[in-house]
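The values are calculated or read from the model by the stated rules, or taken from the named source; none is laboratory data. Keep in mind the model is a prediction, meaning the values are calculated, not measured. Note that we place each Cβ from the backbone using ideal geometry, even for glycine, and neighbour counts take in every protein chain shown.
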Amino acid sequence: MQPENSAVTLDGLLNYAGAETHSVAAPAKAKWARWMALAASGEVVDAKVVGMAKHGAIVFIDGMECYLSQSQTHLPRLSGFVGKSIPVTVLAVKCRVRNGRELRSVYVSHIAALDKLWKERYFSVKPGTKVRGTVVRIAHERGIADGAAPQEIGVKLLVDGILPGWIHWTNTGLHRNASLAEAFPIGKEVEALVIMNRPNQRIFRLSTREFILAEKSAQMQVGDRLSARVSGIRVDQKSEDKCEIGVCLELENGLESYVPRHKLLSSPLIRLSDLLPVGTTALVDVVRFIQSGRPRVAVKIDWKTRSNRPAPRALGAIQTDVE
(Lines give C-alpha, C1' and ligand atoms only; values in the text may rest on other atoms or scores of the structure.)
Protein backbone atom coordinates (compact mmCIF):
# COMPACT_ATOMS: atom_id res chain seq x y z
CA MET A 1 0.00 0.00 0.00
CA GLN A 2 1.19 3.53 -0.81
CA PRO A 3 2.40 5.31 2.36
CA GLU A 4 0.42 8.33 3.42
CA ASN A 5 1.50 11.90 2.57
CA SER A 6 4.22 10.81 0.14
CA ALA A 7 5.13 12.53 -3.12
CA VAL A 8 4.73 10.08 -6.01
CA THR A 9 5.51 9.67 -9.68
CA LEU A 10 2.77 9.37 -12.27
CA ASP A 11 3.12 5.60 -12.51
CA GLY A 12 3.14 5.26 -8.74
CA LEU A 13 0.12 7.52 -8.52
CA LEU A 14 -1.94 5.51 -10.96
CA ASN A 15 -0.68 1.96 -10.60
CA TYR A 16 0.07 1.29 -6.95
CA ALA A 17 -1.08 -1.86 -5.15
CA GLY A 18 -4.77 -1.94 -4.57
CA ALA A 19 -5.58 0.49 -7.36
CA GLU A 20 -7.44 -2.15 -9.36
CA THR A 21 -10.69 -1.24 -7.70
CA HIS A 22 -10.12 2.47 -8.41
CA SER A 23 -9.18 2.51 -12.09
CA VAL A 24 -8.32 5.87 -13.64
CA ALA A 25 -9.81 6.91 -16.97
CA ALA A 26 -7.61 8.22 -19.77
CA PRO A 27 -8.70 11.89 -19.35
CA ALA A 28 -7.91 11.74 -15.63
CA LYS A 29 -4.56 10.14 -16.37
CA ALA A 30 -3.72 12.93 -18.82
CA LYS A 31 -4.70 15.55 -16.24
CA TRP A 32 -2.52 14.02 -13.57
CA ALA A 33 0.31 13.71 -16.05
CA ARG A 34 0.08 17.48 -16.53
CA TRP A 35 0.27 18.09 -12.77
CA MET A 36 3.38 15.95 -12.51
CA ALA A 37 4.93 17.86 -15.41
CA LEU A 38 4.11 21.21 -13.74
CA ALA A 39 5.65 20.03 -10.47
CA ALA A 40 8.80 18.95 -12.29
CA SER A 41 9.20 22.10 -14.41
CA GLY A 42 8.18 24.76 -11.85
CA GLU A 43 6.11 26.59 -14.48
CA VAL A 44 4.11 29.57 -13.22
CA VAL A 45 0.34 29.25 -13.76
CA ASP A 46 -2.68 31.32 -12.72
CA ALA A 47 -4.83 29.94 -9.92
CA LYS A 48 -8.22 31.28 -8.85
CA VAL A 49 -8.88 31.49 -5.11
CA VAL A 50 -12.33 29.97 -4.52
CA GLY A 51 -12.49 29.57 -0.75
CA MET A 52 -10.71 29.34 2.56
CA ALA A 53 -9.38 26.24 4.29
CA LYS A 54 -7.54 25.58 7.54
CA HIS A 55 -4.29 27.59 7.50
CA GLY A 56 -4.68 28.37 3.82
CA ALA A 57 -6.97 28.58 0.81
CA ILE A 58 -8.50 26.38 -1.88
CA VAL A 59 -7.52 27.40 -5.43
CA PHE A 60 -8.62 26.09 -8.80
CA ILE A 61 -6.25 25.51 -11.73
CA ASP A 62 -8.09 24.43 -14.90
CA GLY A 63 -10.93 23.13 -12.77
CA MET A 64 -8.64 21.12 -10.48
CA GLU A 65 -8.82 21.78 -6.75
CA CYS A 66 -5.46 22.62 -5.12
CA TYR A 67 -4.32 23.74 -1.68
CA LEU A 68 -2.34 26.92 -0.97
CA SER A 69 -0.89 27.18 2.52
CA GLN A 70 -0.68 30.60 4.19
CA SER A 71 3.02 29.90 4.76
CA GLN A 72 3.49 29.72 0.99
CA THR A 73 2.35 33.27 0.24
CA HIS A 74 3.35 36.87 1.00
CA LEU A 75 -0.28 38.00 0.87
CA PRO A 76 -1.41 39.30 4.29
CA ARG A 77 -4.95 37.91 4.09
CA LEU A 78 -5.94 35.29 1.56
CA SER A 79 -9.61 35.87 2.38
CA GLY A 80 -9.37 39.20 0.57
CA PHE A 81 -8.41 37.44 -2.67
CA VAL A 82 -11.37 35.08 -2.96
CA GLY A 83 -12.57 35.24 -6.55
CA LYS A 84 -9.24 36.63 -7.81
CA SER A 85 -6.38 34.95 -9.65
CA ILE A 86 -2.82 34.76 -8.36
CA PRO A 87 0.31 33.17 -9.86
CA VAL A 88 1.44 29.88 -8.32
CA THR A 89 3.73 26.96 -9.01
CA VAL A 90 2.97 23.31 -8.24
CA LEU A 91 5.04 22.19 -5.26
CA ALA A 92 4.03 18.56 -5.01
CA VAL A 93 1.44 16.00 -6.07
CA LYS A 94 0.70 13.62 -3.21
CA CYS A 95 -1.46 10.56 -2.78
CA ARG A 96 -2.88 9.11 0.38
CA VAL A 97 -4.94 5.99 0.99
CA ARG A 98 -7.61 6.30 3.63
CA ASN A 99 -10.27 3.64 4.35
CA GLY A 100 -9.42 1.86 1.11
CA ARG A 101 -9.85 5.00 -1.00
CA GLU A 102 -7.13 6.95 -2.73
CA LEU A 103 -6.97 10.67 -2.03
CA ARG A 104 -4.88 12.76 -4.39
CA SER A 105 -3.79 16.30 -3.44
CA VAL A 106 -1.98 19.08 -5.29
CA TYR A 107 -0.01 21.59 -3.22
CA VAL A 108 0.92 24.95 -4.75
CA SER A 109 3.15 27.85 -3.74
CA HIS A 110 2.73 31.59 -4.31
CA ILE A 111 6.20 32.45 -2.96
CA ALA A 112 7.99 30.19 -5.43
CA ALA A 113 6.00 31.75 -8.28
CA LEU A 114 6.99 35.24 -7.17
CA ASP A 115 10.65 34.26 -7.01
CA LYS A 116 10.51 33.04 -10.59
CA LEU A 117 8.55 36.06 -11.84
CA TRP A 118 10.97 38.41 -10.07
CA LYS A 119 13.94 36.87 -11.86
CA GLU A 120 12.19 36.89 -15.23
CA ARG A 121 10.39 40.27 -15.22
CA TYR A 122 11.27 42.51 -12.30
CA PHE A 123 14.92 41.89 -11.37
CA SER A 124 16.14 44.62 -13.75
CA VAL A 125 13.44 47.22 -12.96
CA LYS A 126 15.27 50.52 -12.38
CA PRO A 127 14.41 53.46 -10.10
CA GLY A 128 12.09 55.95 -11.77
CA THR A 129 9.94 53.26 -13.41
CA LYS A 130 6.20 53.92 -13.12
CA VAL A 131 4.14 51.03 -11.74
CA ARG A 132 0.58 50.43 -10.57
CA GLY A 133 -0.35 48.77 -7.31
CA THR A 134 -3.26 47.87 -5.08
CA VAL A 135 -3.30 48.91 -1.43
CA VAL A 136 -3.55 45.87 0.85
CA ARG A 137 -2.56 47.22 4.28
CA ILE A 138 -1.67 50.31 6.33
CA ALA A 139 1.42 49.61 8.48
CA HIS A 140 1.67 50.95 12.05
CA GLU A 141 4.63 51.60 14.29
CA ARG A 142 5.56 48.82 16.68
CA GLY A 143 6.24 49.13 20.38
CA ILE A 144 3.49 51.66 21.10
CA ALA A 145 3.21 52.62 24.77
CA ASP A 146 0.07 51.61 26.64
CA GLY A 147 -2.78 53.97 25.87
CA ALA A 148 -1.00 55.65 22.95
CA ALA A 149 -2.61 55.69 19.52
CA PRO A 150 -0.75 53.59 16.91
CA GLN A 151 1.23 55.74 14.49
CA GLU A 152 0.81 55.10 10.77
CA ILE A 153 4.22 54.70 9.14
CA GLY A 154 3.52 53.50 5.61
CA VAL A 155 1.45 51.71 3.00
CA LYS A 156 1.85 48.15 1.78
CA LEU A 157 0.59 47.30 -1.69
CA LEU A 158 0.84 44.72 -4.44
CA VAL A 159 2.54 45.79 -7.66
CA ASP A 160 0.71 44.39 -10.70
CA GLY A 161 -1.43 42.51 -8.20
CA ILE A 162 1.31 40.02 -7.25
CA LEU A 163 4.55 41.61 -6.00
CA PRO A 164 4.95 43.36 -2.62
CA GLY A 165 5.65 47.10 -2.53
CA TRP A 166 6.24 49.56 0.29
CA ILE A 167 5.60 53.32 0.52
CA HIS A 168 7.00 55.08 3.60
CA TRP A 169 4.90 58.01 4.80
CA THR A 170 7.68 60.44 3.85
CA ASN A 171 7.24 59.34 0.22
CA THR A 172 3.46 59.76 0.10
CA GLY A 173 3.41 63.54 -0.36
CA LEU A 174 1.16 63.93 2.68
CA HIS A 175 1.75 65.78 5.95
CA ARG A 176 2.82 63.73 8.97
CA ASN A 177 -0.51 64.29 10.73
CA ALA A 178 -2.54 63.29 7.65
CA SER A 179 -4.41 59.97 7.76
CA LEU A 180 -2.89 57.34 5.48
CA ALA A 181 -5.99 55.17 5.91
CA GLU A 182 -8.15 57.93 4.41
CA ALA A 183 -5.74 58.76 1.58
CA PHE A 184 -5.01 55.09 0.76
CA PRO A 185 -8.11 52.96 1.49
CA ILE A 186 -7.73 49.19 1.17
CA GLY A 187 -8.22 48.11 -2.44
CA LYS A 188 -7.39 51.49 -3.98
CA GLU A 189 -5.39 51.46 -7.23
CA VAL A 190 -2.46 53.89 -7.09
CA GLU A 191 0.35 54.94 -9.41
CA ALA A 192 3.84 55.06 -7.95
CA LEU A 193 7.47 55.44 -8.94
CA VAL A 194 10.10 52.85 -8.04
CA ILE A 195 12.75 54.54 -5.88
CA MET A 196 14.58 51.34 -4.87
CA ASN A 197 14.52 47.77 -6.14
CA ARG A 198 15.66 45.18 -3.60
CA PRO A 199 16.06 41.89 -5.52
CA ASN A 200 17.38 40.00 -2.49
CA GLN A 201 14.28 40.96 -0.47
CA ARG A 202 11.76 40.67 -3.34
CA ILE A 203 10.22 44.08 -2.58
CA PHE A 204 9.87 47.47 -4.26
CA ARG A 205 10.32 50.73 -2.37
CA LEU A 206 7.90 53.15 -3.98
CA SER A 207 6.88 56.81 -3.91
CA THR A 208 3.57 58.49 -4.73
CA ARG A 209 4.89 61.92 -3.72
CA GLU A 210 5.39 63.16 -7.28
CA PHE A 211 1.85 62.23 -8.37
CA ILE A 212 0.14 63.68 -5.30
CA LEU A 213 2.14 66.91 -5.39
CA ALA A 214 1.46 67.30 -9.11
CA GLU A 215 -2.26 66.91 -8.40
CA LYS A 216 -2.09 69.52 -5.63
CA SER A 217 -0.10 71.86 -7.85
CA ALA A 218 -2.80 71.62 -10.53
CA GLN A 219 -5.39 72.73 -7.96
CA MET A 220 -3.49 75.94 -7.11
CA GLN A 221 -3.55 79.29 -8.89
CA VAL A 222 -1.23 82.27 -9.01
CA GLY A 223 -2.17 84.65 -6.20
CA ASP A 224 -3.32 81.96 -3.77
CA ARG A 225 -2.30 82.60 -0.16
CA LEU A 226 -1.13 79.67 1.95
CA SER A 227 0.64 79.01 5.20
CA ALA A 228 4.28 77.94 4.94
CA ARG A 229 6.94 76.70 7.35
CA VAL A 230 10.68 77.25 7.09
CA SER A 231 12.15 73.76 6.64
CA GLY A 232 15.79 74.73 6.19
CA ILE A 233 18.40 77.36 5.35
CA ARG A 234 20.46 76.69 2.23
CA VAL A 235 24.19 77.38 2.63
CA ASP A 236 26.87 77.90 -0.01
CA GLN A 237 29.23 75.03 0.78
CA LYS A 238 31.95 76.39 -1.52
CA SER A 239 32.39 79.67 0.36
CA GLU A 240 34.73 79.81 3.34
CA ASP A 241 32.27 81.62 5.60
CA LYS A 242 29.35 79.31 4.64
CA CYS A 243 27.19 82.15 3.37
CA GLU A 244 23.43 81.63 3.68
CA ILE A 245 21.97 81.88 0.19
CA GLY A 246 18.26 81.11 0.60
CA VAL A 247 15.33 79.72 2.55
CA CYS A 248 13.56 76.39 1.95
CA LEU A 249 9.83 76.40 2.61
CA GLU A 250 7.21 73.69 2.98
CA LEU A 251 3.69 74.80 2.10
CA GLU A 252 0.63 73.60 3.99
CA ASN A 253 -0.38 71.31 1.10
CA GLY A 254 3.02 69.57 1.01
CA LEU A 255 4.57 71.43 -1.93
CA GLU A 256 8.07 72.84 -1.61
CA SER A 257 9.43 76.28 -2.39
CA TYR A 258 12.79 77.98 -2.33
CA VAL A 259 13.31 81.73 -1.89
CA PRO A 260 16.81 83.03 -2.70
CA ARG A 261 18.47 85.56 -0.42
CA HIS A 262 18.30 88.47 -2.85
CA LYS A 263 14.50 88.13 -2.89
CA LEU A 264 14.41 88.53 0.88
CA LEU A 265 17.17 90.91 2.00
CA SER A 266 19.33 93.63 0.52
CA SER A 267 21.79 93.87 3.41
CA PRO A 268 24.63 91.29 3.51
CA LEU A 269 25.01 91.82 7.26
CA ILE A 270 21.77 90.10 8.25
CA ARG A 271 21.70 86.33 8.74
CA LEU A 272 18.71 84.52 7.31
CA SER A 273 18.82 82.03 10.18
CA ASP A 274 18.29 84.91 12.63
CA LEU A 275 15.45 86.43 10.67
CA LEU A 276 13.74 83.18 9.61
CA PRO A 277 14.91 80.29 11.84
CA VAL A 278 13.79 76.76 11.02
CA GLY A 279 10.21 76.21 12.18
CA THR A 280 9.05 79.77 11.56
CA THR A 281 5.63 79.99 9.92
CA ALA A 282 4.29 82.76 7.70
CA LEU A 283 1.75 83.38 4.97
CA VAL A 284 3.00 83.33 1.39
CA ASP A 285 1.55 84.33 -1.97
CA VAL A 286 1.95 82.04 -4.99
CA VAL A 287 3.88 83.84 -7.74
CA ARG A 288 4.46 81.11 -10.36
CA PHE A 289 4.77 77.35 -10.83
CA ILE A 290 8.00 75.43 -11.54
CA GLN A 291 7.39 72.22 -13.48
CA SER A 292 10.97 71.02 -13.92
CA GLY A 293 11.81 68.08 -11.65
CA ARG A 294 9.52 67.76 -8.64
CA PRO A 295 6.45 70.07 -8.58
CA ARG A 296 7.37 73.32 -6.84
CA VAL A 297 6.04 76.84 -6.61
CA ALA A 298 7.68 80.26 -6.36
CA VAL A 299 6.23 82.34 -3.52
CA LYS A 300 6.50 85.73 -1.89
CA ILE A 301 6.67 85.88 1.91
CA ASP A 302 4.36 88.21 3.80
CA TRP A 303 6.77 89.36 6.50
CA LYS A 304 4.06 90.80 8.70
CA THR A 305 2.53 87.34 9.25
CA ARG A 306 5.63 85.42 10.33
CA SER A 307 5.38 83.70 13.70
CA ASN A 308 8.64 85.10 15.14
CA ARG A 309 7.99 88.69 14.13
CA PRO A 310 9.65 91.01 16.70
CA ALA A 311 8.10 94.16 18.13
CA PRO A 312 8.31 97.23 15.83
CA ARG A 313 11.05 98.88 17.91
CA ALA A 314 13.17 95.73 17.84
CA LEU A 315 13.32 95.72 14.05
CA GLY A 316 15.72 98.65 14.04
CA ALA A 317 18.17 98.46 11.16
CA ILE A 318 16.33 95.75 9.24
CA GLN A 319 13.10 97.72 9.05
CA THR A 320 13.71 98.54 5.39
CA ASP A 321 14.48 94.92 4.46
CA VAL A 322 11.39 93.32 5.94
CA GLU A 323 8.96 96.14 5.18
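The listed residues are Phe184, Phe123, and the only one of them that is surrounded by 11 or more Cβ atoms within 10 Å (Cβ to Cβ) and within 30 Å of Leu91 (Cα to Cα) turns out to be Phe123. For first residues located in region 239-250 and within 11 Å of Leu276 (Cα to Cα), partners that are hydroxyl-bearing (Ser, Thr, Tyr) and assigned to a strand (DSSP E or B) and lie 6+ apart or on another chain with Cβ distances below 8 Å form the pairs Gly246/Tyr258; Val247/Tyr258; Cys248/Ser231; Cys248/Ser257; Cys248/Tyr258; Leu249/Ser231; Leu249/Ser257; Leu249/Tyr258. All conditions in (1) within 17 Å of Met36 (Cβ to Cβ); (2) in contact with a Lys or Arg (Cβ under 9 Å, 6 or more places away or on another chain); (3) among the aliphatic types (A, V, I, L, M) hold for Leu114, with the sole exception of (1).
Just one of the listed residues (Leu206, Leu213) is in a strand (DSSP E or B) and among the aliphatic types (A, V, I, L, M), namely Leu206.
Within region 116-138, residues that are over 14 Å from Ile167 (Cα atoms) have Cβ atoms under 6 Å from residues that are surrounded by fewer than 16 Cβ atoms within 10 Å (Cβ to Cβ) and hydroxyl-bearing (Ser, Thr, Tyr) in no pair, counting only partners at least 6 apart in sequence or on another chain. Screening region 199-212 for residues that are surrounded by 14 or more Cβ atoms within 10 Å (Cβ to Cβ) and not charged (D, E, K, R) and picking the one that is nearest to the chain's Cα centre (by Cα) gives Leu206.
Matching residues to (1) in contact with an Asp or Glu (Cβ under 6 Å, 6 or more places away or on another chain); (2) within 30 Å of Leu163 (Cβ to Cβ):
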| position | (1), (2) |
| --- | --- |
| Ile195 | no, yes |
| Phe211 | yes, yes |
| Ala214 | no, yes |
| Arg225 | yes, no |
| Arg234 | no, no |
| Val247 | no, no |
| Glu252 | no, no |
| Leu255 | no, no |
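Yes or no, residue by residue, for (1) under 31 Å from the mean Cα position of the chain (by Cα); (2) surrounded by fewer than 16 Cβ atoms within 10 Å (Cβ to Cβ):
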| site | (1), (2) |
| --- | --- |
| Ala214 | yes, yes |
| Met220 | yes, no |
| Asp224 | no, yes |
| Gly232 | yes, yes |
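If you go through region 234-254 one residue at a time, how many are farther than 15 Å from Lys300 by Cβ and buried (at least 18 other Cβ atoms within 10 Å of the Cβ)? Residues meeting the conditions: 2.
Taken as a whole, the condition of being of a type outside the set (Ser, Thr, Tyr) and under 20 Å from the mean Cα position of the chain (by Cα) does not apply to Gly83. The lone criterion from (1) modelled with pLDDT of 85 or more; (2) assigned to a loop (DSSP other than H, G, I, E, B) left unmet by Ala228 is number (2).
Among the residues of region 152-159, some residue qualifies, meaning at least one is more than 30 Å from Arg271 (Cα to Cα), surrounded by 13 or more Cβ atoms within 10 Å (Cβ to Cβ) and over 13 Å from the mean Cα position of the chain (by Cα).
Would you point out the residue of region 271-291, among those that are β-branched (Val, Ile, Thr) and either farther than 14 Å from Leu255 by Cβ or under 32 Å from the mean Cα position of the chain (by Cα) (or both), that is surrounded by the most Cβ atoms within 10 Å (Cβ to Cβ)? Checking each candidate, the answer is Val286.
Working only within region 83-103, note down all residues that are under 15 Å from Ala39 (Cα atoms) and buried (at least 17 other Cβ atoms within 10 Å of the Cβ). Across region 83-103, the qualifying residues are Pro87, Val88, Thr89, Val90, Leu91, Val93, Lys94, Cys95.
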